[in-house]
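**Student:** Below is a structure I'd like to ask you about.
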Amino acid sequence: MTYQEEIKAAGELIGSQNGTWDSISPEAVARMRLQNRFQSGLDIARYTAKIMREDMAAYDADPANYTQSLGCWHGFIAQQKMISVKKHFGTTKKRYLYLSGWMIAALRSEFGPLPDQSMHEKTSVPALIEELYTFLRQADSRELNLLFRELDKAREEGNAAKEAELLNKIENFETHVVPIIADIDAGFGNAEATYLLAKKMIEAGACALQIENQVSDEKQCGHQDGKVTVPHEDFLQKIRACRYAFLELGVPDGIIVARTDSLGAGLTKQIAFSKEPGDLGDQYNSFLDCDEIDPSQIGNGDVVITRNGKLLKPKRLPSNLFQFRSGTGEDRCVLDCITSLQNGADLIWIETEKPHIEQIAGMVDRIREVVPNAKLAYNNSPSFNWTLNFRQQVFDAWTAEGKDVSAYDRANLMSASYDESELGIEADRRIQTFQRDAAKRAGIFHHLITLPTYHTAALSTDNLAKDYFGEMGMLGYVAGVQRKEIRQGIACVKHQNMSGSDIGDDHKEYFAGEAALKAGGKDNTMNQFANAA
């Protein structure tokens, strides 16, 4: 309903109570309803899933319509991110949030900092989703509260034009609530465990679940060594578990992002079940590194398979893991992606060891021969040394073109001495356009950075600590933080307002009228920032 319709509906309800509710203001009720648009996480999941579906269709029509997100590990970070997006771009469209399992493990586990190996509490994942949306909903309440206060002031001043302008802003208010792509790791167990956790994540508001094809108990960060994948049917069981969770909870538009770690995974824990040559299990097993043996050579505990009429013994390591043939990573990725998309996944994620458009595009071209509308979510990972990788790519491209690169040392291209060089400038240009170029060439619908705010928190804290505890003293905070907040219009410079103080004051007035004891009077020091943010 519109603002005026909410006021009318509240007024009719209050009027039906034989005078006992006459002290309740219909407009105050309407304001509180608008400030609490989403009544549950499922409301959020249904709303944001629809947004993602619309964005995916827009991307299919034109790859310039790619989407982006930044990873976050706290509700306040998510809130400030989306406040900033609205401030700078006027809309949150095509901008999401990413919930990183890595950051939960490193920053949100009761065990303390952990590696990204699914050792943290699985319940911390839905808990963080709920926290992120709590802060985003509070951002809605805060911004609407500011509009309501301006509306009251315009009415007091008799400024009809301003009143009409503000009413239009209220009616067309855009929420800070955006889709979250949430990392469910490898499902934290078997398919039933995956289903149970998926339900909790969806109930908390997640419209998109990202699941990877590693084994749960040996799960590694996508950019660490020692990754172990599972046969396709094992992974498809978990994809189906996620879909059942979405359907059970009434979120038919829910998104499943199927991630393959096969490019960097050289190991498997088990040999796939196969009924006949050429089936999915047989294709998975075809990548195993095997030795041909004579039946008389079979020893105690050996595992053997047949391939093309030959008896083969897969190479098994002391860890009891089997290894794949070297150089099969891309072929396995292609098969993983096709299989996932043909069995219920909506997006694919190929974890790579470097940001290289043609490497990604080479695999996507093969996938699209089978699934023409295949789309990727891609990790623009801080685990990559972007500067070094792109400088090396430029160096290699120029070398292939016959361009003189004798002024550059390929082994030392990270040097700051190259920052203003022709090669350094060209590498930065390619980094700047990477997302746009990859969306067009490599089928990447969604670009995300998993751990950006982990690194920004460390960098900004280092700078503050260096200055504040050093020669600058208090000026380290004032010049390095507060003055910049004021001049850049950072909303949380008014931290009392950001924490909900003014919203609380308005509620006190609703509840107590003139007797309300409010915090926002003339002695509130936040008044010193009246012209800021």
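None of the figures in this text is laboratory data; all of them are computed from the coordinates on show. What you are looking at is a predicted structure, and each value in this text was computed from that prediction instead of being measured. In this analysis, Cβ positions are derived from the backbone assuming ideal geometry, glycine residues included, and neighbour counts consider all displayed protein chains.
**Student:** Placing +1 at every Lys and Arg Cβ and -1 at every Asp and Glu Cβ, with all other atoms neutral, what dipole size does the chain have around its Cα centre, in debye to the nearest 20?
**Tutor:** 260 debye
**Student:** What are the ³J(HN,Hα) values, in whole Hz, obtained from phi via the Karplus relation 6.51 cos²θ - 1.76 cosθ + 1.60 with θ = phi - 60°, for each residue of the range 61-73 in sequence order, with x given for Gly and Pro?
**Tutor:** Values, residue by residue: 6, 7, x, 5, 8, 6, 10, 9, 8, 10, x, 9, 10 Hz.
**Student:** I need the peptides 60-66, 183-189 ranked by packing, meaning the mean over residues of other C-beta atoms within 10 angstrom, with the highest value on top. Numbers along the way, then the final one.
**Tutor:** On the way: 60-66: 14.1, 183-189: 24.1.
Top to bottom by mean Cβ count within 10 Å: 183-189, 60-66.
**Student:** Among the chymotrypsin sites (Phe, Trp or Tyr not before Pro) in the range 78-184, which ones are in a DSSP loop with at most 10 other Cβ atoms within 10 Å of the Cβ? Mind listing them?
**Tutor:** Phe111
**Student:** Given H placed on each backbone N at 1.01 Å, which residues far from Phe38 in sequence or on other chains put an amide H within less than 5 Å of it?
**Tutor:** none
**Student:** Pull up all non-local amide H partners of Val177: gap of 5 or more, or a different chain, and H-to-H distance under 5 Å with H placed in the peptide plane.
**Tutor:** Long-range HN contacts for Val177: none found.
**Student:** Give me Val364, Val178, Val481 ranked fewest to most by other Cβ atoms within 10 Å of their Cβ, as a rough exposure proxy. Don't skip to the answer; put the middle values down first.
**Tutor:** Values: Val364 24, Val178 27, Val481 17.
In order of increasing Cβ crowding within 10 Å: Val481, Val364, Val178.
**Student:** Only helical DSSP H runs with n ≥ 4 go in: add -39500 (n - 2.57) per run for the chain, normalise by residue count and round the 222 nm mean residue ellipticity to 500 deg cm²/dmol.
**Tutor:** Computed ellipticity for the chain at 222 nm equals -14500 deg cm²/dmol.
**Student:** Continuing with this model, one more query. Are there chymotrypsin sites (Phe, Trp or Tyr not before Pro) in the range 433-533 that DSSP marks as loop and that have at most 14 other Cβ atoms within 10 Å, and which are they?
**Tutor:** Filter output for the range 433-533: Phe469.
**Student:** Here's something else I'd like to know. Have a look at Ala345, Thr306, Ile357 and report the one farthest towards the positive end of the charge dipole of the range 266-369, computed about the Cα centre with Cβ charges (Lys/Arg +1, Asp/Glu -1).
**Tutor:** Thr306
**Student:** Sticking with this one: Gap in Å between the Cα centre of the range 328-381 and the Cα centre of the range 110-187?
**Tutor:** When both Cα centres are located, 33 Å separates them.
**Student:** Can you pull the one-decimal nm distance between simple spin-label points at Met472 and Lys8, each 7 Å off the Cα toward Cβ?
**Tutor:** Calculated label separation equals 5.7 nm.
**Student:** Nothing charged except the Cβ atoms of Lys and Arg (+1) and of Asp and Glu (-1): what's the magnitude of the dipole of the range 434-520 about its Cα centre? Round to the nearest 20 debye.
**Tutor:** It comes to approximately 520 debye.
**Student:** Mind giving me the nanometre distance, one decimal, between the label points for Asn385 and Asp302, set 7 Å out from Cα along Cα→Cβ?
**Tutor:** If labels sit at Asn385 and Asp302, their model points lie 4.5 nm apart.
**Student:** Explain nothing, just the number: relative contact order of the chain, from Cα pairs under 8 Å at least 6 residues apart, as a whole percent.
**Tutor:** 14 percent
**Student:** On to the next question. Would you work out which of His447, Ser216, Leu413 lies farthest towards the positive end of the dipole of the chain, given +1 charges on the beta-carbon of Lys and Arg and -1 on that of Asp and Glu, about the Cα centre?
**Tutor:** His447
**Student:** Still on this structure, please answer the following. Treat the count of other C-beta atoms within 10 Å as a stand-in for reagent exposure and order Arg31, Arg483 from fewest to most. Kindly include the intermediate steps, with their values, before the conclusion.
**Tutor:** On the way: Arg31 25, Arg483 13.
Listing Arg31, Arg483 from fewest to most nearby Cβ atoms yields Arg483, Arg31.
**Student:** Then there's this: Take the alpha carbon gyration tensor of the range 415-513, find the square roots of its eigenvalues, order them as a ≥ b ≥ c, and report rounded if a/c is under 1.5; if not, report prolate when a/b exceeds b/c, else oblate.
**Tutor:** oblate
**Student:** Would you pull out the residues with amide H under 5 Å of Ile255's amide H, same chain only if 5 or more places away, H placed 1.01 Å from N?
**Tutor:** Under 5 Å from the amide H of Ile255 lie the amide H atoms of Ala208, Leu209, each far enough along the sequence or on another chain.
**Student:** Turning to a different aspect of this structure: Summing +1 for each Lys or Arg and -1 for each Asp or Glu, what net charge is found among the other residues whose Cβ lies under 11 Å from the Cβ of Val493? Could the numbers behind the result be given before it?
**Tutor:** Numbers: positive: Arg483, Lys484, Arg487, Lys494; negative: Glu485.
Combined, the nearby Lys, Arg, Asp and Glu give +3.
**Student:** While we're on this one: How much net charge surrounds Ser274 when only the other residues with a Cβ under 11 Å from the Cβ of Ser274 are counted, with Lys and Arg +1 and Asp and Glu -1?
**Tutor:** Taking every other residue near Ser274 into account, the sum is -2.
**Student:** In addition: Please work out, to two decimal places, the log10 of the ratio I(q)/I(0) at q = 0.10 Å⁻¹ from a Debye calculation in which every Cα of the chain carries one identical scatterer.
**Tutor:** So the normalised log intensities work out to -0.94.
**Student:** Could you list Thr123, Thr260 in order of exposure, starting from the residue whose Cβ has the fewest other Cβ atoms within 10 Å?
**Tutor:** Going from sparsest to densest Cβ surroundings: Thr123, Thr260.
**Student:** Separate question: Any idea what diffusion coefficient the range 263-322 gets from Stokes-Einstein, in µm²/s, Kirkwood Rh on alpha carbon pairs, 25 °C, 0.890 mPa s?
**Tutor:** For the chosen part, D equals 200 µm²/s.
**Student:** Lys313: which aspartates and glutamates have alpha carbons under 16 Å from its alpha carbon, excluding same-chain residues fewer than 8 sequence positions away?
**Tutor:** Correct list for Lys313: Asp282, Asp289, Asp291, Glu292, Asp294, Asp302.
**Student:** Taking R0 as 45 Å, what FRET efficiency do you get between Asn36 and Asn412 from their Cβ-Cβ distance, rounded to the nearest 0.05?
**Tutor:** Calculated value: 0.20.
**Student:** Is there a quick way to get the dipole size of the range 141-286? I mean about its Cα centre, with the Cβ of Lys and Arg at +1 and of Asp and Glu at -1; what is the value in debye to the nearest 20?
**Tutor:** Numbers: 16 positive and 25 negative charges, 26 e Å.
Result for the range 141-286 is approximately 120 debye, rounded to the nearest 20.
**Student:** Considering only DSSP states other than H, G, I, E and B, which trypsin sites (Lys or Arg not before Pro) in the range 190-292 qualify as loop sites with at most 16 other Cβ atoms within 10 Å?
**Tutor:** When the trypsin sites (Lys or Arg not before Pro) of the range 190-292 are filtered for loop state and at most 16 Cβ neighbours within 10 Å, Lys275 remain.
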